[in-house]
Amino acid sequence: MGEYGDRFAIVTSFQAEGMVLLDMAARANPGVRVLTLDTGRLPEETHELMDRVRERYRIGIEIFAPDHREVERMTSLHGTNLFRREPVFRKLCCQIRKVRPLDRGLQGVSAWATGLRREQSEERAGIAKVEQSSGRLKLSPLADWTAAQVEEYVAANDLPRHALAARGYRSIGCAPCTRAIQPGEPERAGRWWWEEGMSKECGLHAAPGGAMKRAVDALLGDILNG
């Protein structure tokens, strides 16, 4: 972090892994930059947790939201809950509400860290601890941590917890796209659970490819071009 100064940032949605990462970073540098996304559809519990994090660590949280004009065009064309229609519209919604705001947030950032773990899903099994992403250094320090190790750190340091975690939510995103999981289900089974055989990724860490990418790009072009 010292090498990059304010060109380094933690990117988190304040789930358990993100809290571990934030706590470690704040111990090393109390002035560390913390970036997050407000998609406009987050659970109220996520906003409440942000307030608790601000109070505990006495830090500012840089919040990046989607461009309201892009959201207006998208919902006018495809509906407020377009993500339930078919996967291409879900990925379009994630592009508008997550991917593009994060791209803005990372302007001027040379290195960033996230709480991804290989154990979270098959798509994340090959995550490297250090990689280049869009010309920036991307760090995943917890890549080889288990869920038990995360819980041990959270408990040992009495870190703030997301209220939905106690209700069986293991991966928390937008409210309408997240549910609690059942015993034996994968950690990310509660994300976009109505989709069958689809990647449980929004595009922040694994962009769609092939025909899906072309379809999403075409829909996104319609929105950006008005």
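The values are calculated or read from the model by the stated rules, or taken from the named source; none is laboratory data. Computed from a prediction, not measured in an experiment: that's the story for all the values here. Methodologically, a virtual Cβ is constructed for each residue, glycine included, from the backbone with ideal geometry; neighbour enumeration extends over all protein chains shown.
Below are the figures for this structure:
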| quantity | calculated |
| --- | --- |
| Region 130-166 - residue that is in contact with a Leu (Cβ under 7 Å, 6 or more places away or on another chain) and part of a loop (DSSP other than H, G, I, E, B) and, of those, farthest from residue 201 (Cα to Cα) | 160 |
| Given (1) assigned to a helix (DSSP H, G or I); (2) out of contact with any Cys (no Cβ under 6 Å at 6 or more places or on another chain), index of the condition residue 94 fails | (2) |
| First in region 4-19 and free of Cβ contacts under 8 Å to residues at least 40 places away in the same chain, second anywhere and of a type in the set (A, V, I, L, M), Cβ under 7 Å, 6 or more apart | none |
| Among (1) over 16 Å from residue 35 (Cβ atoms); (2) assigned to a loop (DSSP other than H, G, I, E, B) - the single one residue 88 does not satisfy | (2) |
| Pair list, Cβ < 8 Å and 6+ apart or interchain, from region 194-206 residues that are among the hydrophobic types (A, V, I, L, M, F, W, C) to residues that are at pLDDT below 85 | 206/199 |
| Test set (1) part of a loop (DSSP other than H, G, I, E, B); (2) touching a Lys or Arg at 6+ places or on another chain (Cβ under 9 Å) - residue 184 fails condition number | (2) |
| Matching residues, region 24-49, being assigned to a helix (DSSP H, G or I), surrounded by fewer than 20 Cβ atoms within 10 Å (Cβ to Cβ) and of a type outside the set (Gly, Ala, Ser) | 24, 27, 44, 45, 47, 48 |
| Tally, over region 50-76, of residues that are buried (at least 17 other Cβ atoms within 10 Å of the Cβ) and among the hydroxyl-bearing types (Ser, Thr, Tyr) | 1 |
| Count of residues meeting criterion [closer than 19 Å to residue 49 by Cα and either of a type in the set (Val, Ile, Thr) or part of a helix (DSSP H, G or I) (or both)] in region 1-23 | 11 |
| Close pairs from region 92-116: first without any contact (Cβ under 8 Å) to a residue 24 or more places away in the chain and farther than 20 Å from residue 130 by Cα, partner assigned to a strand (DSSP E or B) and polar (S, T, N, Q), Cβ under 7 Å, at least 6 apart | none |
